[in-house]
1. Using the Karplus equation 6.51 cos²θ - 1.76 cosθ + 1.60 (θ = phi - 60°), what ³J(HN,Hα) coupling, rounded to whole Hz, does each residue of the range 212-228 give in order, writing x for Gly and Pro?
2. Classify the range 45-112 as rounded, prolate or oblate from the Cα gyration tensor: take a ≥ b ≥ c as the square roots of its eigenvalues, call it rounded if a/c is under 1.5, otherwise prolate when a/b beats b/c and oblate if not.
3. Can you work out the FRET efficiency for the pair Thr220 and Gln82, with r the C-beta to C-beta distance and R0 = 35 Å, to the nearest 0.05?
4. What does the C-alpha gyration tensor say about the overall shape of the range 115-202? Classify as rounded when a/c is under 1.5, otherwise prolate if a/b is larger than b/c, or oblate.
5. Enumerate by residue number the trypsin sites (Lys or Arg not before Pro) in the range 130-171 meeting two conditions: DSSP loop (anything except H, G, I, E, B), and at most 13 other Cβ atoms within 10 Å of the site's Cβ.
6. Regarding the range 1-104, what are the three Cα extents along the principal axes, ordered largest first, in Å?
7. Ignoring ligands, DNA and RNA, what percent of the accessible area of the range 108-229 is carbon or sulfur (1.4 Å)?
8. Quick check: pseudo-label points 7 Å beyond the Cα along Cα→Cβ at Arg56 and Lys213, how many nm apart are they?
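The values are calculated or read from the model by the stated rules, or taken from the named source; none is laboratory data. Nothing here was measured: the structure is a model prediction, and the numbers come from that model. Cβ sites come from the backbone with ideal geometry, for glycine too, and all protein chains shown count toward neighbours. To get the accessible areas, we keep the full protein, side chains included, count just its heavy atoms, and leave off ligands, DNA and RNA. Shrake-Rupley method; radii C 1.70, N 1.55, O 1.52, S 1.80 Å.
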Amino acid sequence: MSKLDSELLTNCVENILKFSNGESITVAGETVKGKKRKFTETIELQITLKNYDPQRDKRFSGTFRLPVTPKVNCNVCVLGNQRHCETAEKLGIDRMNIEDLKKFNKNKKLIKKFAKKYDSFLASGTLIKQIPRILGPGLTKAGKFPSLLDDNDNVQEKVDTAKATIKFQMKKVMCMSLAVANVTMTNAEISLNVQLAVNFLVSLLKKNWQNVKVLYIKSTMGPAQQIFF
């Protein structure tokens, strides 16, 4: 069961949208004037955990598909066999075959830059097992090890799914943040994405809501809005 106050969440989302549209909002009792940006601002969910020991407790990770794609510019790369690469090319999707990956020559800096360039990766079944050997642990360390692309899969559908999928991964710190929406979405769409993301996170936690200290949502350039105390 969600412990988020739906009215509070709706008001916080409304403040974010107003601020991103150049309107004034009240933050901590003060009036703050917003500014309309020349780019689409992303809305992040910021999480602080409690009663959790990252050193001793089991670290969690999990992926969840949101109803609405959170990022406007979400880059996906297909690491594919010949058929998947040809399909990706027709669809205008970035792709690399096994020979392209070998050219990295396990250069850690180049692989790190490559991982940073994309939000997620898809890989053909014949290629996915070879990736650790060809690229080393770079994609895994970045939390971007590819999702499987089967021969029978629709490449466009898999790319759309990858773009709408968020990943929670516990590391060595008690705080984490990830994009769950953007300011072009409606209040209802943003609120639904946030609620579903939070509920999924809570399901991954050992003590569920007892492990959640505070939750905020924040646009790229706007002030943070606390949605859970």
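1. 9, 8, 9, 10, 10, 10, 8, 7, 3, 10, x, x, 6, 10, 7, 10, 8
2. Oblate, because a/c is 1.5 or more while a/b does not exceed b/c.
3. 0.35
4. It is oblate, given that a/c is not under 1.5 and a/b is not larger than b/c.
5. Lys171
6. Principal-axis extents of the Cα atoms in the range 1-104, largest first: 59, 44, 28 Å.
7. The C+S portion of the solvent-accessible surface of the range 108-229 is 55 percent.
8. Taking the simple label geometry, Arg56 and Lys213 are separated by 1.7 nm.
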